[in-house]
Amino acid sequence: MNIAFFLIPKSEVVYMPIKSTMRQALERMEYHRYTAVPLIDEAGKYAGTITEGDFLWKMKNTPGLTFADTEKINIKDIPQRMTNNPVHINAQIQDLFSLAINQNFVPVVDDAGVFIGIVRRREILGHYAKLL
């Protein structure tokens, strides 16, 4: 089964431009109660996923960093400790299963690598639960 059936389109996904600040991302993630969000570059391509853990490690490894200072830190300058690999829109649902073990969502890109949405772990597991 093609993953397009499970796709949550970009227009319905919370994501951050890679040029955003740490504070903007923290506030958006807090508002939506997310622990991770996809990052998009200037060309609309998937550029990784930033997590709460990435922010915590940045704060731990930056002596004197306060919440007010987070508006001066660009997301692109924060190391991402995990790699959330995207899949192509033509992938099959079984291609997502191994990715969903470690990721809450799987980013989906088109032929040009442009971010077009996500497939959540919930939908992947729901599909396999119906099969059982």
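The values are calculated or read from the model by the stated rules, or taken from the named source; none is laboratory data. Bear in mind that the values here come from a model prediction, so they are computed numbers and not experimental data. Virtual Cβ from ideal backbone geometry, glycine too; neighbours counted across all protein chains shown.
Looking at the range 25-35 only, could you name the residues that are in contact with a strand residue (DSSP E or B) (Cβ under 7 Å, 6 or more places away or on another chain) and modelled with pLDDT of 95 or more? So that I can check it myself, show each step before the final result.
Going through the range 25-35, the residues in contact with a strand residue (DSSP E or B) (Cβ under 7 Å, 6 or more places away or on another chain) turn out to be 25, 28-29, 35.
Hits for the range 25-35 are Ala25, Arg28, Met29.
Conditions: (1) loosely packed, with under 15 Cβ neighbours inside 10 Å; (2) of a type outside the set (S, T, N, Q); (3) assigned to a strand (DSSP E or B). Arg122 meets all but one. Number of the miss?
The one condition Arg122 does not meet is (3).
Select from the range 96-132 the residues that are β-branched (Val, Ile, Thr) and touching a helix residue (DSSP H, G or I) at 6+ places or on another chain (Cβ under 6 Å) and write down the one among them that is nearest to Lys10 (Cα to Cα).
For the range 96-132, the residue satisfying everything is Ile116.
Mind checking which residues of the range 1-13 are loosely packed, with under 13 Cβ neighbours inside 10 Å and among the hydrophobic types (A, V, I, L, M, F, W, C)? Let's see the steps before the verdict.
Applying the first criterion (loosely packed, with under 13 Cβ neighbours inside 10 Å) to the range 1-13 yields 1-2, 5, 9, 11-12.
Those that are loosely packed, with under 13 Cβ neighbours inside 10 Å and among the hydrophobic types (A, V, I, L, M, F, W, C): Met1, Phe5.
Assuming Gly113 fulfils every condition listed in (1) at pLDDT 95 or above; (2) over 30 Å from Met59 (Cα atoms); (3) surrounded by fewer than 16 Cβ atoms within 10 Å (Cβ to Cβ) apart from one, which condition is it?
(1)
Considering each of Leu131, Leu96 in turn, give the residue that is of a type outside the set (Asp, Glu) and without any contact (Cβ under 8 Å) to a residue 12 or more places away in the chain.
None of the others qualify; the one that does is Leu131.
Here is a list: Thr83, Thr49. Which entry is closer than 23 Å to Phe97 by Cα, polar (S, T, N, Q), outside any helix (DSSP H, G or I) and modelled with pLDDT of 95 or more? It would help to see each step written out before you state the result.
On the way: Thr83 fails: modelled with pLDDT of 95 or more.
The match here is Thr49.
Check off (1) farther than 30 Å from Lys130 by Cβ; (2) aliphatic (A, V, I, L, M); (3) not in a helix (DSSP H, G or I) for Val108 and give me the number that stays unchecked.
Condition not satisfied by Val108: (1).
Looking at Trp57 and the list (1) in contact with a strand residue (DSSP E or B) (Cβ under 8 Å, 6 or more places away or on another chain); (2) over 30 Å from Ala129 (Cβ atoms); (3) at pLDDT 95 or above; (4) not aliphatic (A, V, I, L, M), which single condition is not satisfied?
Single failed check for Trp57: (1).
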